[in-house]
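For reference, the structure discussed in these notes is given below.
Throughout, read-outs are computed from the coordinates displayed, never taken from laboratory work. Everything numeric in this text was worked out from a predicted model, so none of it was measured. Heads up, the Cβs are rebuilt from the backbone with ideal geometry, glycines too, and the neighbour counts pull from every protein chain shown.
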Amino acid sequence: MNGQYRDHVWINYSRDIIAADAGSAVFLASFLQYLVDGCEYVSALEVIDLQKYKVIKPKLKVRAALRERMKVPFIFVVGKN
């Protein structure tokens with residue numbers, strides 16, 4: 001743990017955020033919301049891989065494909081409609 005927070009009092013803010021001050025709590029809350037929104041956004045996508053002739057639909061596999069395969073040609077991310 002970083003030494004700068006050693007003498008701080010940790011406060012439990014709303015939504016179970018534990019931080020040393022209100023600014024840190026706001027940052028952690030907004031970052032948590034960003035992560036939650038990103039996870040929900042992935043569930044609305046699917047990946048079309050034209051090299052392997054397949055459509056990737058499961059949320060975990062779509063997330064993995066977004067991380068690993070986006071630099072590969074003929075891999076397309078599309079929204080489910």
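Amide H contacts of L45: K80, each under 5 Å away and 5 or more positions distant or on a separate chain (H built 1.01 Å from N in the peptide plane; Pro and chain starts excluded). Among residues other than E40 with Cβ under 12 Å from its Cβ, the summed charge is +1 (Lys and Arg +1, Asp and Glu -1).
Please compute the length gained on full extension between V77 and Y53, using 0.36 nm multiplied by the number of residues separating them and subtracting their Cα-Cα distance.
Stretched fully, the V77-Y53 segment lengthens by 7.2 nm.
With a cut-off of 13 Å between beta carbons, the residues surrounding P73 carry a summed charge of +2, where Lys and Arg count +1 and Asp and Glu -1.
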